[in-house]
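The values are calculated or read from the model by the stated rules, or taken from the named source; none is laboratory data. This is a predicted model, so every value here is computed, not measured. In this analysis, Cβ positions are derived from the backbone assuming ideal geometry, glycine residues included, and neighbour counts consider all displayed protein chains. These area figures cover heavy atoms from the full protein model, side chains too; ligands, DNA and RNA do not enter into them. Shrake-Rupley method; radii C 1.70, N 1.55, O 1.52, S 1.80 Å.
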Amino acid sequence: MKIIDLLKNEKLSMSFEVFPPKTESGFESVKSATEEIAKLNPAFMSVTYGAGGGTSKYTLDIAKNIKELYGVPTLAHLTCVSSTKQTVKDKIEQIKAAGITNIMALRGDIPKGMENADRSEWDYKYAVELVRELKAYNPDFCIGGACYPEIHPESINQRDDILHLKEKVDAGCDFLTTQMFFDNNLLYNFLYKIREQGITVPIIPGIMPITNANQVERAVKLSGSFMPQRFKSLVDKFGSDPAAMKQAGIAYATDQIIDLYANGITNVHVYSMNKPDVAEKILSNLSDILGK
Ligand code: FAD
């Protein structure tokens with residue numbers, strides 16, 4: 001099932017993200033967390049690839065399990081910046097052989113220490129090159145791309161970032177998923193600007209439930225996202241009480257999702273971070289809205 005065909009709903013629909021284990025010993029626990037999330041019957045599940053210092057080795061295994069064992073459509077992430085053309089070609093062939101048709105085409109972060117390196121010799125500099133390659137390899141692939149309501153940290157200004165985004169979409173992205181954000185107005189503003197530039201593909205907002213205080217620093221560092229005062233107050237008040245912080249973080253994410261839906265957005269992706277209890281709680285908070 002292509003993700004693009006799942007995005008035509010009029011009612012709210014939820015999807016979740018998981019990340020693969022770093023080592024083989026972690027495989028079973030990720031598999032079981034994935035199974036718990038799959039049982040919640042999300043619209044689809046995405047599996048990251050080497051994100052945040054993680055591994056890329058098990059992305060396909062986890063993605064294949066989700067699809068074959070639990071019948072949930074999967075979106076396998078793939079990055080290119082630290083890879084050669086040959087490695088990427090091999091990966092694409094493996095993806096095809098695994099029967100996966102939905103691919104999130106990403107550049108990936110520039111490896112540490114390489115930020116100022118001469119990039120002219122690199123096989124890949126931007127995600128747009130991977131998008132082109134995937135579409136050329138199989139026009140039937142359904143391709144997702146990343147977008148940044150608060151601009152990508154390397155971009156000098158939003159205008160340039162959106163022009164590059166347009167180029168990526170024109171190269172073959174069928175939909176875009178956003179970086180996490182904690183103030184919905186930033187997303188609404190971004191949507192207005194990209195639509196104005198002729199980007200018409202579906203945009204799936206990505207929501208990160210912050211369930212412990214340590215996660216805040218990591219999330220901000222990774223994404224550069226703005227933390228509204230309302231969110232900071234919540235962390236100040238509950239940060240030292242893990243159970244209360246988790247409840248408050250889930251409530252905040254739920255509130256963001258309700259506001260998105262109230263403003264016409266019908267597909268939301270949750271960065272559920274291999275936490276079935278968090279995914280389950282968000283769905284139960286939304287049960288009447290989802291009609292479940
Ligand atoms: P690009 O689209 O290439 O953009 C990167 C920067 O280059 C931007 O500033 C853009 O404006 C600029 N740019 C693009 N094209 C050009 C051009 N032609 N000329 C000049 N500048 C240009 N990382 C992982 O490692 N694994 C994952 O699984 C993963 N999943 C993610 C999922 C989502 C939804 C998001 C939002 C991010 C994810 N990331 C992941 C992080 C992502 O890899 C990084 O944010 C990375 O720095 C940029 O990737 P990109 O695909 O957005 O790059």
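Checking Asp118, Asp161, Asp140 one by one, the residue that is under 24 Å from Pro202 (Cα atoms) and more than 20 Å from the chain's Cα centre (by Cα) is Asp140 and no other. Would you check if there is a residue in the stretch 95-107 being more than 9 Å from the ligand (Cβ to nearest atom), over 30 Å from Met14 (Cβ atoms), open to solvent by 50 Å² or more (accessible area, probe 1.4 Å) and not aromatic (Phe, Trp, Tyr)? Within the stretch 95-107 (the criterion being more than 9 Å from the ligand (Cβ to nearest atom), over 30 Å from Met14 (Cβ atoms), open to solvent by 50 Å² or more (accessible area, probe 1.4 Å) and not aromatic (Phe, Trp, Tyr)), the answer is no, since none of the residues qualifies. From Phe226, Phe231, grab the single residue that is surrounded by fewer than 20 Cβ atoms within 10 Å (Cβ to Cβ) and assigned to a loop (DSSP other than H, G, I, E, B). Going through Phe226, Phe231 in turn, just one is surrounded by fewer than 20 Cβ atoms within 10 Å (Cβ to Cβ) and assigned to a loop (DSSP other than H, G, I, E, B): Phe226.
Restricting the stretch 208-219 to residues that are open to solvent by 50 Å² or more (accessible area, probe 1.4 Å) and farther than 13 Å from Tyr252 by Cα leaves a set whose member that is farthest from the ligand (Cβ to nearest atom) is Asn214. In this structure, Gln247 does satisfy being under 28 Å from Lys39 (Cβ atoms), without any contact (Cβ under 8 Å) to a residue 40 or more places away in the chain and polar (S, T, N, Q).
For the stretch 91-100, indicate whether the set of residues that are within 23 Å of Asp161 (Cβ to Cβ) and polar (S, T, N, Q) is non-empty. No: zero hits. If you go through the stretch 112-128 and keep only what is within 11 Å of the ligand (Cβ to nearest atom), out of contact with any strand residue (DSSP E or B) (no Cβ under 6 Å at 6 or more places or on another chain) and open to solvent by less than 50 Å² (accessible area, probe 1.4 Å), you end up with Tyr124, Val128. Flag not set for Asp140, criterion: farther than 30 Å from Pro276 by Cβ and either touching a Phe, Trp or Tyr at 6+ places or on another chain (Cβ under 8 Å) or within 12 Å of the ligand (Cβ to nearest atom) (or both). Would the stretch 36-55 turn up any residue that is among the basic types (Lys, Arg), at pLDDT below 95 and in contact with a helix residue (DSSP H, G or I) (Cβ under 8 Å, 6 or more places away or on another chain)? Looking through the stretch 36-55, none of the residues is among the basic types (Lys, Arg), at pLDDT below 95 and in contact with a helix residue (DSSP H, G or I) (Cβ under 8 Å, 6 or more places away or on another chain).
Checking each residue in the stretch 150-202 for being β-branched (Val, Ile, Thr) and outside any strand (DSSP E or B) picks out Ile151, Ile156, Ile162, Val169, Ile194, Ile199, Thr200, Val201.
Every test in (1) surrounded by 16 or more Cβ atoms within 10 Å (Cβ to Cβ); (2) touching a helix residue (DSSP H, G or I) at 6+ places or on another chain (Cβ under 6 Å); (3) closer than 28 Å to Arg132 by Cβ; (4) free of Cβ contacts under 8 Å to residues at least 60 places away in the same chain is passed by Gln197 save one, and that test is (1).
I'd like to know if the stretch 131-149 contains one or more residues that are within 16 Å of Ile110 (Cβ to Cβ), in a loop (DSSP other than H, G, I, E, B), out of contact with any His (no Cβ under 6 Å at 6 or more places or on another chain) and open to solvent by 60 Å² or more (accessible area, probe 1.4 Å). No, the stretch 131-149 contains no residue that is within 16 Å of Ile110 (Cβ to Cβ), in a loop (DSSP other than H, G, I, E, B), out of contact with any His (no Cβ under 6 Å at 6 or more places or on another chain) and open to solvent by 60 Å² or more (accessible area, probe 1.4 Å). Just one of (1) within 21 Å of Thr266 (Cα to Cα); (2) crowded, with 20+ Cβ neighbours inside 10 Å; (3) away from the ligand (no atom under 16 Å from the Cβ) fails for Gly249. It is (1).
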